[in-house]
Structures are given as structure tokens and as C-alpha cells.
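Everything below concerns the one structure shown next.
Just so it is clear, none of the values below were taken in a lab; they were calculated from the coordinates. Bear in mind that the values here come from a model prediction, so they are computed numbers and not experimental data. Glycine gets a Cβ as well: all are built from the backbone with ideal geometry, and neighbour counts include every protein chain shown.
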């Protein structure tokens, strides 16, 4: 089985990279990708665990671009994780995450919702390769008793159009595609069914987008068919994975619940320059 969308404690998952690989191997995953948000900090540990367990690790990342004020998540694969240009780009991405978390903290204080967001910012600054964002703020809200879980935190406070929402700043999708391609990799548009910006696909295809993530835990069969057809129409490959963050974190509680076929994987890998 193949799962190309997994998260660890290097960003907003609740399993360390080695523990994630162990869990994936136990679930029958033979090819996986750790796709933490705007960081490759977990890859070295994951790679060592994969080698020990006989699992194939695809270099991966999930990067956030900004399009018309909206977050656009983009999955990078098969790139050189030591690229200096990529590293500099990711440092800027994580710096904006710290800025955003601090501003969200201000909004929450104004709303009378007391959480220790300052500790998140401090820990992020102390561990510059670790990526923090709204999920960690959501966890702080849960720990403080303001909400039951991450989903309620996003539905009531942190999601788009909610009172504590603060937009990202930074590169557009074309910029993300360019930096990953320059590092020898390819980019897939993440969970487009959640994004709802289909008109962006042909624009990004012209900029070098390689694939669309058609297999995802939030895509039903009709959504998968729609995006598989959209990918074919624009000459794109497809990617897929569970978007697993950890047990108890909502929809993705079962690792490997959504996988990519070997045929689709080979067509995706064929897009690597």
C-alpha cells in the first residue's frame, strides 16, 4: 500500500517521525511520504526508520501558498531536501507562521479566550525547523477547556471567516511550484475538494503543476471521480494519501485508510524531471 500524505510532530501530527513510519509499516504501507507543513525537519529520522523497516520513503512536504487571501496547500515530492533555495524559502514560510500565530493570539485575547499562545511562538523560535500553526493553537484551546477538539476550534474560532482568523502572507502557488521544481521535485495540489478553486488548476498546470491529489480522506467517490477527470483533462498525474495526523485528531484516525494505487504512483514518479 502507498500513502503519500502523512504528518509528524515536526508540524501538527502527534507521532514522532520514527513512530509514524513504524505505525505505517505495521498497517501494511510499503511506500510512504512524510509531508509536514513547511518543514523537512522530520525527514532524517523518518528516513532512518524506513531503512530499518524496509519501507520506501518518498521525500515530501506540504507547503502553504496564498491565493486571493486563501490558503492553498501544495504537496512537494521527490525533491532535494538539502537545496539552499528551498531551505531559505521554508525559513520565510515558518517565520510567517510565527507572525500569524502571534496575531491569532492577540485576536483570542481580545475575544476573552485565554490561551498561552506566547509559549507556542517562543517554542517555535527556539526550534526554528519545527513548523507551528493553527492546529497547535487549536490544541491549546482544547487544553484550556474552551473547545472539545481541533474541529470545534476551527469551526468556531480559527477557521476562515471566524473571529480569530488571521490570513497567511507569502508566495502564491506558482512560487511554490517554482521552488520545488528548482530543487528537482514535483508538486501536487492538495485536497482540491476542500479548496474549491477548480479554476486554479489550468493556471497552475501551465506553471508546471504535476498532479492533483485525488485520493484523500475528505474526498468521497464522486469527488475523486471529478478530480481524476480534471487531472486527465489538463494532462496531470494524480496523488493520494490519508492526510493522517494521529489518533484522536478527527477524520484521519486510521493510518493508510486512503492509499494510492501502484499504477498511479508510477505515473506520478514519471513526472520527476
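Quick one: compute a quarter of the convex hull surface over the Cα atoms of the stretch 1-115 and quote it in nm².
Average of the hull's projected areas for the stretch 1-115 equals 8.5 nm².
Between residue 233 and residue 182, how many nm apart are label points set 7 Å from Cα along the C-beta direction?
The answer from the label model is 3.2 nm.
Subtracting the Cα-Cα distance from 0.36 nm times the residue separation, let me have the gained length for residue 220 to residue 84 in nm, one decimal.
45.1 nm
Report, to one decimal in Å, the Kirkwood hydrodynamic radius for the stretch 176-273 based on all distinct Cα pairs.
Taking the inverse mean of 1/r over all distinct Cα pairs, the stretch 176-273 comes out at 13.9 Å.
Between residue 114 and residue 169, what's the calculated FRET efficiency when r is the beta-carbon distance and R0 is 22 Å? Round to 0.05.
The formula returns an efficiency of 0.25 here.
What's the FRET efficiency of residue 156 with residue 254 using the Cβ-Cβ distance as r and R₀ = 30 Å, to the nearest 0.05?
So, using R0 = 30 Å, E works out to roughly 0.70.
Give, in nm to one decimal, the length gained when the segment between residue 99 and residue 30 is fully stretched (0.36 nm per residue of separation minus the Cα-Cα distance).
My answer for the length gained is 21.1 nm.
May I ask for the angle, rounded to the nearest 10°, between helix 17-26 and the longest principal axis of the chain, with both axes built from Cα atoms and the value confined to 0 to 90°?
Once rounded, one gets 50 degrees.
When only alpha-carbon atoms are used, what values of Rg and Dmax, in angstrom, describe the chain?
17.7, 52
Calculated from DSSP H runs of 4 or more alone, at -39500 (n - 2.57) each and per residue, what is the 222 nm mean residue ellipticity of the chain, nearest 500?
-12500 deg cm²/dmol
To test your reading of the geometry: what angle, between 0 and 90 degrees and rounded to tens, separates the Cα axis of helix 221-233 from the longest principal axis of the chain?
Approximately 60 degrees, to the nearest 10.
Relative to the longest principal Cα axis of the chain, at what angle does helix 43-53 sit, 0 to 90 degrees, rounded to 10?
Computed tilt is about 50 degrees.
Please give the length that would be gained between residue 266 and residue 206 if that part of the chain were fully extended, namely 0.36 nm times their separation in residues minus their C-alpha to C-alpha distance (nm, one decimal).
19.4 nm
Could you list the square roots of 5 times each eigenvalue of the Cα gyration tensor of the stretch 100-158, that is, the equivalent ellipsoid semi-axes, sorted largest first and rounded to whole Å?
Value: 19, 12, 9 Å, ordered largest first.
Evaluate E = 1/(1 + (r/R0)^6) for residue 142 and residue 92, where r is the Cβ-Cβ distance and R0 equals 30 Å; express this FRET efficiency to the nearest 0.05.
According to the calculation, E is roughly 0.55.
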